[in-house]
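**Student:** Here you go, one structure.
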Ligand SMILES: [Zn+2]
Ligand SMILES: [Zn+2]
């Protein structure tokens, strides 16, 4: 049977295709959303502007440059896992889930992935705010003091390296349905883009509700960008609250 190492050309093709798909996803989602938020009052009538200044073309250029570099880094471990999947060497499965337990696992596995990624992000993010690491790993992302949706993927290469391998490795260990994996990628993308939008699109009532007050939205992450300290989480406010690093929200 042909193995991954015997078909390096196939791995290269998957890697190039994946890099292209990540870049395409970035431009196709961020581009229209940026236009909808900043150039048209029609789509998000109740959105609240968090950014004190309009987007700066120089900052956007920087955000796009780092995002394109990141796409090359993120695509590498994902391409390896996708190729391994072809030979049945991962924990990714397909087909209709079996009974209640099957469906329950689909939902639970998604929460496990989100929780592990959130914990990894929180602790590495906090570490990257230490003086010695900040300059090398995280200063690129923080050039966006008033972030725009284009900042959602703009990481220094070392920061991208620290995060890119996590989900592919999880996909080798924790069973995940292929469609749940796609749904997770979508949740991650949309979450990152909205958290850097420079606008709060969720209603205040929801943000202050029992579910919303534990979830990170733009009012929370925007404050991290303007303040530099506090609010280190990715999806949930759990770690920030537990470790007293939660500095609250930008209020309407
Ligand atoms: Zn930061
Ligand atoms: Zn950010």
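**Student:** Taking the condition surrounded by 14 or more Cβ atoms within 10 Å (Cβ to Cβ), part of a helix (DSSP H, G or I) and more than 16 Å from ligand 2 (Cβ to nearest atom), does residue 192 pass?
**Tutor:** Numbers: surrounded by 14 or more Cβ atoms within 10 Å (Cβ to Cβ): yes; part of a helix (DSSP H, G or I): yes; more than 16 Å from ligand 2 (Cβ to nearest atom): no.
Considered against the rule, which asks whether it is surrounded by 14 or more Cβ atoms within 10 Å (Cβ to Cβ), part of a helix (DSSP H, G or I) and more than 16 Å from ligand 2 (Cβ to nearest atom), residue 192 comes out as no.
**Student:** Could you check residue 74 against (1) surrounded by 18 or more Cβ atoms within 10 Å (Cβ to Cβ); (2) outside any loop (DSSP other than H, G, I, E, B); (3) at pLDDT below 95 and say which number it fails?
**Tutor:** Going through (1) surrounded by 18 or more Cβ atoms within 10 Å (Cβ to Cβ); (2) outside any loop (DSSP other than H, G, I, E, B); (3) at pLDDT below 95 one by one, residue 74 breaks only (3).
**Student:** Check 37, 18, 5, 68 and return the single one that is at pLDDT below 85 and assigned to a helix (DSSP H, G or I). Can you show your working first?
**Tutor:** Numbers: 37 fails: at pLDDT below 85; 18 fails: at pLDDT below 85; 68 fails: at pLDDT below 85.
It is 5.
**Student:** Can you tell me which of (1) within 11 Å of ligand 2 (Cβ to nearest atom); (2) surrounded by fewer than 23 Cβ atoms within 10 Å (Cβ to Cβ); (3) not in a helix (DSSP H, G or I) is the one residue 147 doesn't meet?
**Tutor:** (2)
**Student:** In addition: Considering 224, 177, which residue is modelled with pLDDT of 95 or more, buried (at least 19 other Cβ atoms within 10 Å of the Cβ) and away from ligand 1 (no atom under 16 Å from the Cβ)?
**Tutor:** Numbers: 224 fails: away from ligand 1 (no atom under 16 Å from the Cβ).
Matching residue, one of 224, 177: 177.
**Student:** Would you confirm whether or not region 104-118 contains a residue that is within 16 Å of ligand 2 (Cβ to nearest atom) and either in contact with a helix residue (DSSP H, G or I) (Cβ under 7 Å, 6 or more places away or on another chain) or touching a residue at least 60 places away in the same chain (Cβ under 8 Å) (or both)?
**Tutor:** Within region 104-118 (the criterion being within 16 Å of ligand 2 (Cβ to nearest atom) and either in contact with a helix residue (DSSP H, G or I) (Cβ under 7 Å, 6 or more places away or on another chain) or touching a residue at least 60 places away in the same chain (Cβ under 8 Å) (or both)), the answer is yes, since at least one residue qualifies.
**Student:** Return the pair list, or none, for Cβ contacts closer than 6 Å from residues in region 148-171 that are within 13 Å of residue 70 (Cβ to Cβ) and free of Cβ contacts under 8 Å to residues at least 40 places away in the same chain to residues that are away from ligand 2 (no atom under 16 Å from the Cβ) and in a helix (DSSP H, G or I), at least 6 apart or on different chains.
**Tutor:** Matching pairs, first to second residue: 158/136.
**Student:** Quick one: would you say residue 97 is more than 25 Å from residue 80 (Cα to Cα), outside any helix (DSSP H, G or I), away from ligand 1 (no atom under 12 Å from the Cβ) and in contact with a helix residue (DSSP H, G or I) (Cβ under 7 Å, 6 or more places away or on another chain)?
**Tutor:** Working: more than 25 Å from residue 80 (Cα to Cα): yes; outside any helix (DSSP H, G or I): yes; away from ligand 1 (no atom under 12 Å from the Cβ): yes; in contact with a helix residue (DSSP H, G or I) (Cβ under 7 Å, 6 or more places away or on another chain): yes.
So residue 97 fits the description; yes.
**Student:** Those residues that are in a loop (DSSP other than H, G, I, E, B), in contact with a helix residue (DSSP H, G or I) (Cβ under 6 Å, 6 or more places away or on another chain) and over 14 Å from residue 191 (Cβ atoms), I need them from region 204-240; list them, please.
**Tutor:** 231, 232
The values are calculated or read from the model by the stated rules, or taken from the named source; none is laboratory data. Nothing here was measured: the structure is a model prediction, and the numbers come from that model. A quick note on method: Cβ atoms are made from the backbone with ideal geometry, for glycine too, and the neighbour counts reach across all protein chains shown.
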